[in-house]
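Notes follow once the structure below has been shown.
The values are calculated or read from the model by the stated rules, or taken from the named source; none is laboratory data. What you are looking at is a predicted structure, and each value in this text was computed from that prediction instead of being measured. Because the Cβ atoms are built from the backbone with ideal geometry, glycine has one as well, and the counts that use them run over all protein chains shown. The protein model used for the area step is the full one, side chains on, heavy atoms only, and it has no ligands, DNA or RNA in it. Shrake-Rupley method; radii C 1.70, N 1.55, O 1.52, S 1.80 Å.
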Amino acid sequence: MYTSGVERPSSYQRRSKMKSFITNTLSDFFFEYETPRQVLVRNKRVGVVCRLIQLGVLAYIIGWVFIYEKGYQSSDTAVGSVLTKMKGVGYTNVTGEERIWDVADFVFPVQGDSSFVVMTNYIMTQGQKIDKCSEPPNSKNRCSSDADCEGRSERHMTGKCLVNTTKMCEVLAWCPVEDDGNIPDPALLMSAENFTLFIKNTINFPAYGVTRCNLVEGIDNQYIRSCLYDPKTSPLCPIFRLGDLVQLSGFNFAAIAKVGGAIGIIIDWTCNLDHDQSDCKPIYSFHGLYGNPDETDTARASVGYNFRYAKHYMEDKQEKRTLLKVFGIRFDIIVRSVATKFDIIPTLTAIGSGVGIFGVATVVCDLILLYLLPKREFYNNMKFKVTETMEKEPLDEFKSEKEVSKKHSEEVLVHHEAPLSET
């Protein structure tokens, strides 16, 4: 009996073709290289535009990325601590009562934190004890009967109106009640202007294992005993006069001492560790935060800075206290730090991104060639090669389209186009 059609391949032939297919595919993958065809266009205008764009990109990479932003370096921020110590003695004479104020009296807190308050003015109420008494004269709670003294005060009222004496409501409180209506002017502790502040700041950059202190090379015990910070003559001295700090922050000491305020002290560590570590030094700057004497709006909700504290004691077996409303200057010491050092990874990243930006020149020039120039149709035909639709051969099993295309490509005449010239 005869059979029609093509005889099916045997299993041996199928395995052989499969092996040949896999071998050819792997060979093409590992031992062939493809590259896009390039067209050389001789056009002065397009050439100038391309080179100008490339020159701009090169200037950006060298000038901005590498020189200004230092894109070849990695960075790290520091951890550190700040210690402070105040020195000075104040003297006051209020209604004939002389007092001496030292560090334990006018600095809050006394532990030497990076944020602290120096007292410059105060209102003192002595001999207070828990009792019933009248509210102070500056209170708004005036009364003409007991009915007026119900729930109108922040203090604990007894509900009684002292009609025959002060015509104020009676309260159960620490008596005599504080009268803070009149703030001493000038400030009682104007001598605080000559107090001195010592700052010790130590930082560590963990990524680079570098530790620095604001007591840098050349600052020893002998230097500290005689130096006083000056932005021009002694910019590294860690001892500051309070009057100078207020002046450098843009404030007036007499004005801020009366009602208080706040000043920020910035210690800036910006270090390039590609240089010697001794070049890593702090830079101090001072900023007035609030308490500006130039503000003339007297209707502000809160003016200056103040707080209260009390000193308790026993007298005749009865607890008493001295209450102080403190007006002072709050100092906040803020450390800002960053260290940079050469690192190959950001360097390669910066170079790679720069090389990628060079492609902008190609995109712009292609747009000009294909859409803007009068001969855009001619350039379009030279850039894009359009072929006729190829009639496909029946694919043998395990025979790739690439092998079929190779057979057709043998019939194509390969030629090299001459450079395009502007005519």
Subject >> Among (1) part of a loop (DSSP other than H, G, I, E, B); (2) surrounded by fewer than 17 Cβ atoms within 10 Å (Cβ to Cβ) - the single one R225 does not satisfy >> reply: (1)
Original post:
Restricting attention to the range 194-222, which residues are open to solvent by less than 60 Å² (accessible area, probe 1.4 Å) and of a type in the set (D, E)?
Top reply: none
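Go through the residues of the range 92-104 one by one and say whether even a single one is touching a residue at least 40 places away in the same chain (Cβ under 8 Å), in contact with a strand residue (DSSP E or B) (Cβ under 7 Å, 6 or more places away or on another chain) and not in a loop (DSSP other than H, G, I, E, B).
Within the range 92-104, one or more residues are touching a residue at least 40 places away in the same chain (Cβ under 8 Å), in contact with a strand residue (DSSP E or B) (Cβ under 7 Å, 6 or more places away or on another chain) and not in a loop (DSSP other than H, G, I, E, B).
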Original post:
Looking at Y379, is it at pLDDT 85 or above and among the hydroxyl-bearing types (S, T, Y)?
Top reply: no
Original post:
Y60 versus (1) outside any helix (DSSP H, G or I); (2) over 30 Å from C213 (Cα atoms): which is the lone unmet condition?
Top reply: (1)
**OP:** Could you figure out which of (1) buried (at least 19 other Cβ atoms within 10 Å of the Cβ); (2) modelled with pLDDT under 85 isn't true of P136?
**Re:** (1)
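So, in the range 86-117, of the ones that are of a type outside the set (G, A, S) and touching a Lys or Arg at 6+ places or on another chain (Cβ under 8 Å), which residue ends up surrounded by the fewest Cβ atoms within 10 Å (Cβ to Cβ)?
Here is the first cut: in the range 86-117, the residues of a type outside the set (G, A, S) are 86-87, 89, 91-95, 97-103, 105-111, 113, 116-117.
From the residues that got through so far, the ones that are touching a Lys or Arg at 6+ places or on another chain (Cβ under 8 Å) too are 91-93, 103, 116-117.
Working: Y91: 11, T92: 18, N93: 9, V103: 16, F116: 20, V117: 20.
Here the residue is N93.
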Original post:
Residues of the range 331-351 being open to solvent by less than 30 Å² (accessible area, probe 1.4 Å), out of contact with any strand residue (DSSP E or B) (no Cβ under 6 Å at 6 or more places or on another chain) and either of a type in the set (S, T, N, Q) or assigned to a strand (DSSP E or B) (or both), which ones?
Top reply: T347
Subject >> Meets criteria (open to solvent by less than 80 Å² (accessible area, probe 1.4 Å) and at pLDDT 80 or above) for S11 >> reply: no
Original post:
Can you name the number of the only condition in (1) surrounded by fewer than 19 Cβ atoms within 10 Å (Cβ to Cβ); (2) closer than 30 Å to Y208 by Cβ; (3) in contact with a strand residue (DSSP E or B) (Cβ under 8 Å, 6 or more places away or on another chain) that V82 fails?
Top reply: (1)
**OP:** Could you tell me whether A147 is more than 30 Å from M86 (Cβ to Cβ) and in a helix (DSSP H, G or I)?
**Re:** yes
**OP:** Please find, among G328, G354, G288, the residue that is of a type outside the set (V, I, T), modelled with pLDDT under 90, closer than 30 Å to M86 by Cβ and open to solvent by less than 40 Å² (accessible area, probe 1.4 Å).
**Re:** G288
Subject >> Counted residues, the range 357-382 - those being free of Cβ contacts under 8 Å to residues at least 60 places away in the same chain and either open to solvent by less than 40 Å² (accessible area, probe 1.4 Å) or not in a helix (DSSP H, G or I) (or both) >> reply: 4
Original post:
Restricting attention to the range 25-59, and to residues there that are open to solvent by less than 80 Å² (accessible area, probe 1.4 Å) and in contact with a Leu (Cβ under 7 Å, 6 or more places away or on another chain), which single residue is modelled with the highest pLDDT?
Top reply: V46
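Residue by residue through the range 60-79, note down the ones that are free of Cβ contacts under 8 Å to residues at least 60 places away in the same chain and open to solvent by 90 Å² or more (accessible area, probe 1.4 Å).
Those that are free of Cβ contacts under 8 Å to residues at least 60 places away in the same chain and open to solvent by 90 Å² or more (accessible area, probe 1.4 Å): W64, I67, Y68, E69.
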Original post:
Out of curiosity, is T340 modelled with pLDDT of 90 or more, polar (S, T, N, Q) and farther than 18 Å from M119 by Cβ?
Top reply: yes
**OP:** Answer yes or no: is there a residue in the range 112-121 that is within 28 Å of the chain's Cα centre (by Cα), of a type in the set (V, I, T) and assigned to a loop (DSSP other than H, G, I, E, B).
**Re:** no
Original post:
So which residues in the range 228-269 are in a helix (DSSP H, G or I), open to solvent by 30 Å² or more (accessible area, probe 1.4 Å) and within 15 Å of F286 (Cβ to Cβ), if there are any at all?
Top reply: D244, Q247, L248
Original post:
What's the number of the condition P206 fails, among (1) within 37 Å of the chain's Cα centre (by Cα); (2) within 30 Å of R241 (Cβ to Cβ)?
Top reply: (2)
